[in-house]
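The values are calculated or read from the model by the stated rules, or taken from the named source; none is laboratory data. Computed from a predicted structure; not experimentally measured. Here the Cβ is made from the backbone with ideal geometry for all residues, glycine too, and neighbour counts use every protein chain on show. We work out accessible area using only protein heavy atoms, side chains counted, and drop any ligands, DNA or RNA first. Shrake-Rupley method; radii C 1.70, N 1.55, O 1.52, S 1.80 Å.
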There are 2 protein chains.
Amino acid sequence: MGVLAYLSPYLGFMGLGVAFLTYLAVQNRPDGDEKMQEIGGYIYEGGMAFLKREYRILAIFIVVVFLLLAWKVAWQTGVAFVSGGLCSVLAGLFGMQAATKANVRTSQAAKDQGEGEALLIAFDGGAVMGLSVASLGLIGVGIFLGIFNDPETSKYVNGFAMGASSIALFARVGGGIYTKAADVGSDLVGKIEAGIPEDDPRNPGVIADNVGDNVGDVAGMGADLFESYVGAIIAAIAIGATVSGSAFTDLGQSKVTASSLRSSLMALPLDVAAIGLIASLMGIGSMRALKTISPQLALRYATYLAAVAFLFFALILVWGLGIVHAVFWAVASGCIVGIGIGRITEYYTSAAPVNRVAHASQTGAATNIISGLAVGLESCVLPVLAICLAIFIASYAAGLYGIGIAGIGMLATVGITMSVDAYGPIADNAGGISEMAGLGPEVRKITDGLDSLGNTTAAIGKGFAIGSAALTALALFSAFTQAVEQGRGTPLQIVVTNPYVVIGLFVGGTIPFFIAALTMTAVGRAAGLMVEEIRRQFREIPGLLEGLAGARPETARCVDICTAAALREMIVPGLTAVVAPVLMGYVLGAEALGGMLAGATVTGVLLALMTANAGGVWDNAKKAIEKEEIPGEKKGTEAHKAAVVGDTVGDPFKDTAGPSMNILIKLMSVVALVIAPLLV
Amino acid sequence: MGVLAYLSPYLGFMGLGVAFLTYLAVQNRPDGDEKMQEIGGYIYEGGMAFLKREYRILAIFIVVVFLLLAWKVAWQTGVAFVSGGLCSVLAGLFGMQAATKANVRTSQAAKDQGEGEALLIAFDGGAVMGLSVASLGLIGVGIFLGIFNDPETSKYVNGFAMGASSIALFARVGGGIYTKAADVGSDLVGKIEAGIPEDDPRNPGVIADNVGDNVGDVAGMGADLFESYVGAIIAAIAIGATVSGSAFTDLGQSKVTASSLRSSLMALPLDVAAIGLIASLMGIGSMRALKTISPQLALRYATYLAAVAFLFFALILVWGLGIVHAVFWAVASGCIVGIGIGRITEYYTSAAPVNRVAHASQTGAATNIISGLAVGLESCVLPVLAICLAIFIASYAAGLYGIGIAGIGMLATVGITMSVDAYGPIADNAGGISEMAGLGPEVRKITDGLDSLGNTTAAIGKGFAIGSAALTALALFSAFTQAVEQGRGTPLQIVVTNPYVVIGLFVGGTIPFFIAALTMTAVGRAAGLMVEEIRRQFREIPGLLEGLAGARPETARCVDICTAAALREMIVPGLTAVVAPVLMGYVLGAEALGGMLAGATVTGVLLALMTANAGGVWDNAKKAIEKEEIPGEKKGTEAHKAAVVGDTVGDPFKDTAGPSMNILIKLMSVVALVIAPLLV
């Protein structure tokens, strides 16, 4: 292993240190008046209560799977699995701690210090999550690879990725159901039935709604990117460990020996991740200088700066390792395509497509829905072509190993990408708190601006998460085939003319559809429970709807209902993803399982893009009408009502079903990778 | 070739003769009073005008492709291509002639003779289409295989399938856009803006709407099933011609020689199709006896009777040919799974799912849409598993050849399946004519009953079309790989770990999404033109809306607008499907093209199922509310309005985007098969 790879855990601890300092800096900011503190406290408690109950359920799952792994695969894999799960949990806890502190402080800064400082606090709150994800990933993978550092034992580390993936799927599905059940439930009764504004303190569901932003977009997204990051590194190492024959010699420069080339191939993934963390720290640091320019440009430049620094370091790194220089192009293709997909996603949820859907709203809800679905379907084309371009360049440069490296290239700067992404829900919360605490229109204007930017960063982040999930899943898939081959001693031919592979393709392709149906139905059910509860409170608590002084909503009950419903509903989709590959592998064999992974990856990526972008475009079409950007339309017109229908349909699309897809495809692949030794 | 295979063209001519006699029988029925004759005449002329203009555009396409094929592939392939296109056109013309005569006569019979006779006429009208499809398929394929009957030259026959497919895609996409543009446009202005009933003679779009039912569901569906039928036969023959090695000997019984086994393998597909036609004739004939029981059971029993007779003949056939008897299981698996998928589709567009969506309408349009989409997504699971079961049994019984045979097993009784399917739009038209001609509530009740049954048969037919398309595409895909292998002399390994195959999978998987987006947007645009024209007529023609005696709508202009728009909009999706496989094959090679076909088949089948069933469930949820089957709800309530939104969204789903998918995946595969010799 290279020096950097050895150092990576230390680098990870350093990153965690910076995250802690950032957290302290956020916490030391003023947290407003008593009312704000009270609201902030509710959100904090609601978020933590959800995580605690979620983790309690997941603990059972982790123990069961640990025992199964220790029994059937290897105890080392089991230990790695538990560690991967724990690191994901820790990242989620750290990030949530920071996010639920930063929200109220962002409101206060918007009141006292203006936009620049408010932006910085929200960003810093997100940066704690971003740095925790990257640092814990480096620490965990680095330590395990330090222990299991030869091609024989490195397979135990796969358990780490599986642990991270399992937690991620439950967190994403559970968080996604929570956030949308709370959102849709509160809106249906509050905004539509009772006619009170969004985030009105009289609405009993409003705290749950704000908690939902955190558990969905902070904890859920963090777990998602954590597992992509870890999965990409581990997959690339696994491919590096098993690359053989001509592919192997092709990757080395003439001057290096075979054994040093092998260790370089296994070290490079961690090295690339390590320099990515350094570059992310640079980007995060640069926000202090950038905060004076417009928030949108500040976030964008910070991301670009980190990417440029990362590519520069990567160039030097590849140069020094004795691997062919073409490998750099694999790194670069991943990094650039990741940013490119984000920009494409941004286009489809703004500009002309939004205009098209907003205008379609003028002929009613049906045309709004049709045009939004059409935008979503169409928006798959360019991102998929971009992913294919990355695959083409990376595999041309370095074969399958290149695809793994491209995945890391995309994810290495996750520290900054995740920071920008987690900024969104914090700004959203800050807006909600400003409204609930009655901070006035001036403050609301700043937080609205930051929130609206958060929608853009969320769209970019979703595109990025999908792109990285695709490459990670492919890399894990390659690692799976090589693991089976190594065990069998003969090539694993996942040939599309093999009927079992065809069956695998079809069944795999159907699973994302099934999971999407399950999660969307779950949101409907959970939202229904919220609706009943909020209606009950408006009916039974005297003076609540009229806003009398002593009448207080029982927000904790709503939080409780959402939590229970989300946790109940996450179980079937989560288990499906874990059990399906195992079943397929045991019943029809490794070839069918390979087909299943390929099918699930293709439809998973497509459904993820479709749902994310359709949801985004509906959301923004509604906002465009509300901002009176469409001639003759404004809040309350028929077109606006039609656009609200689209927005409501888009909610479970973009925040529940869509994000589940990313993890689904990675989790299925990593489960296959872990059970590969049993399928020989 | 076997005796039956030699006889198949004659059998086809016989079938065509029966179709002609059926047509005469329909035509000799009384066609009502002057008003009915006039309306019937408009629909007839509108439908024929559309077909003529469509075929004129397609003639250019056919000539260009013929020249390209003759230049690059072989002139024989080019001739077969033109013949395949012509047979599809003829089937469309025959079917449309009969359907547009049967509609008005069904109305008249409902008035004079009651339900049983009305059912019989509508069914007979559909049977002309059903028999034309099956007979022309047998004639065309039979003649070409009679000429090119050895393994060397049989590849020219692939052109026939390509011709059928090309016409089918344009007919399906064009017809689908036409029917929904007319439907949505007429409803938006007539039912919603002007508040007049559906099929009201004052509505200028109402003739176009009735024409649309014919061009979409008769001509479009006919072309679709014609190409599945032809494609399945040709693919199975192509596989039979190239089966080699152990797979070859595995298929023969010990007593037969290699050369007689080869000719049996090549004859069986045509033989199976031939007995299927005989069985279909028996089923169609049985309707005369069955018409006295309920219409639903009559149609179902006629289908089952044909299936049972077919399986009995198939058993005898396989017994006699010297092929292993297991091949019979391949035939049976296709036949039974085809019926099974139809029943699953029927469940998802009736019963509990409809109830679920209808209840979701009570909380608004958004929940109606979400629950309908969830039903659509979920409804993919069982049909895909059924298809996988057929693949498993068929390939277990007879390898890849078995999959081809299973496809024919599903399609052999297309004569009766298509008849039942084409019955639907005729009954729908009869209802419209009864309303326009003011035949009174008694007649309307009969035609409404027949129409509502037509919705069920349409749902079953769609499921069947998707299932058969999946098997046909797979068989064509296998034939493609074997054609490339034969040309290269080495195996074509479409291995999922090859990056080019991965790129192919992703790009292929995206194409159905892209085509769905294109067609759905096209419906919106075309419907917009209709809305403008109908509004203009209501505004400018004095007394039209009030129903004054002299005021007549200019229905021909609406027919014209729909025709022009549909033909304009069908070009891009059609060309995409033809050009994409050629481009992929030339740029990235046969492996990538193989991946592309696999990807497109998986997502195409899934999207087809999803859109068809979501559309069906929305439609029926609205009808359930209108029939007051949901407590407290009826026409005009808020829940009904919400359900109308879902129904409108479902229209382009189930009648435009969805049906295009079937043909898309077959066309792409058959194009690949035809250009296979160029990719070696």
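Quick notes
- Residue A:579 out of contact with any Pro (no Cβ under 9 Å at 6 or more places or on another chain) and closer than 18 Å to residue B:385 by Cβ: yes
- The set of residues in the stretch B:63-82 being buried (at least 21 other Cβ atoms within 10 Å of the Cβ) and under 21 Å from the mean Cα position of the chain (by Cα) consists of B:81 alone.
- Residue ID - farthest from the other protein chains (Cβ to nearest Cβ), chosen from residues in the stretch B:568-582 that are open to solvent by less than 10 Å² (accessible area, probe 1.4 Å) and of a type in the set (A, V, I, L, M, F, W, C): B:570
- Number of the exception - residue B:351 against (1) at negative phi; (2) out of contact with any Asp or Glu (no Cβ under 9 Å at 6 or more places or on another chain); (3) among the hydrophobic types (A, V, I, L, M, F, W, C): (1)
- Remark: pairs (first residue in the stretch B:191-204, on the phi > 0 side of the Ramachandran plot; second residue open to solvent by 40 Å² or more (accessible area, probe 1.4 Å); Cβ separation under 7 Å; 6+ apart in sequence or on different chains) = B:199/B:435.
- Filter result for residue B:23 (open to solvent by 30 Å² or more (accessible area, probe 1.4 Å) and at pLDDT below 90): no
- Which numbered condition residue B:551 fails, given (1) part of a helix (DSSP H, G or I); (2) away from every other protein chain (no Cβ under 14 Å): (1)
- Subset of the stretch A:319-336 (residues that are more than 15 Å from residue A:388 (Cα to Cα), buried (at least 24 other Cβ atoms within 10 Å of the Cβ) and within 29 Å of the chain's Cα centre (by Cα)): A:327
- Test: residue B:143 is more than 20 Å from the chain's Cα centre (by Cα) and assigned to a helix (DSSP H, G or I): yes
- Those residues of the stretch B:584-614 which are more than 11 Å from every other protein chain (Cβ to nearest Cβ) and closer than 13 Å to residue B:513 by Cβ, in sequence order: B:608
- The set of residues in the stretch A:501-512 being more than 8 Å from every other protein chain (Cβ to nearest Cβ) and open to solvent by 10 Å² or more (accessible area, probe 1.4 Å) consists of A:511 alone.
- Pairs where the first residue, in the stretch A:296-308, is in a helix (DSSP H, G or I) and the second is open to solvent by less than 10 Å² (accessible area, probe 1.4 Å) and of a type in the set (Phe, Trp, Tyr), C-beta under 8 Å, 6+ apart: A:299/A:123; A:299/A:423
- Residue list for the stretch B:401-458, restricted to those being under 19 Å from residue B:113 (Cβ atoms) and among the β-branched types (Val, Ile, Thr): B:426, B:433, B:443, B:446, B:447
- Looking only at the stretch A:513-528, and only at residues there that are open to solvent by 20 Å² or more (accessible area, probe 1.4 Å) and closer than 17 Å to residue A:651 by Cα, the one that is farthest from the other protein chains (Cβ to nearest Cβ): A:525
- Of the listed requirements (1) crowded, with 24+ Cβ neighbours inside 10 Å; (2) without any contact (Cβ under 8 Å) to a residue 24 or more places away in the chain; (3) more than 10 Å from chain A (Cβ to nearest Cβ), residue B:347 misses just one: (1).
- Of all the residues in the stretch A:410-432, those that are within 14 Å of residue A:231 (Cβ to Cβ) and in a helix (DSSP H, G or I) number 3.
- Summed over the stretch A:367-381, residues that are at the interface with chain B (Cβ under 7 Å from one of its Cβ atoms) and in a helix (DSSP H, G or I) total 9.
- Taken over the stretch A:146-168, the criterion of being at pLDDT below 85 and surrounded by 24 or more Cβ atoms within 10 Å (Cβ to Cβ) is satisfied by A:155 alone.
- Put simply, of A:537, A:493 the only residue that is surrounded by fewer than 24 Cβ atoms within 10 Å (Cβ to Cβ), at the interface with chain B (Cβ under 7 Å from one of its Cβ atoms) and out of contact with any helix residue (DSSP H, G or I) (no Cβ under 6 Å at 6 or more places or on another chain) is A:493.
- Residue check, residue B:339 open to solvent by 10 Å² or more (accessible area, probe 1.4 Å), closer than 30 Å to residue B:634 by Cα and more than 8 Å from every other protein chain (Cβ to nearest Cβ): no
- Residue within the stretch A:220-236 that is open to solvent by less than 10 Å² (accessible area, probe 1.4 Å), at pLDDT 80 or above and under 30 Å from residue A:535 (Cβ atoms) present: yes
- Taking the criterion of being of a type outside the set (Gly, Ala, Ser) and more than 11 Å from chain B (Cβ to nearest Cβ), the only residue of the stretch A:473-483 that qualifies is A:476.
- Qualifying residue in the stretch B:392-399 (condition: open to solvent by 30 Å² or more (accessible area, probe 1.4 Å) and closer than 27 Å to residue B:628 by Cα): no
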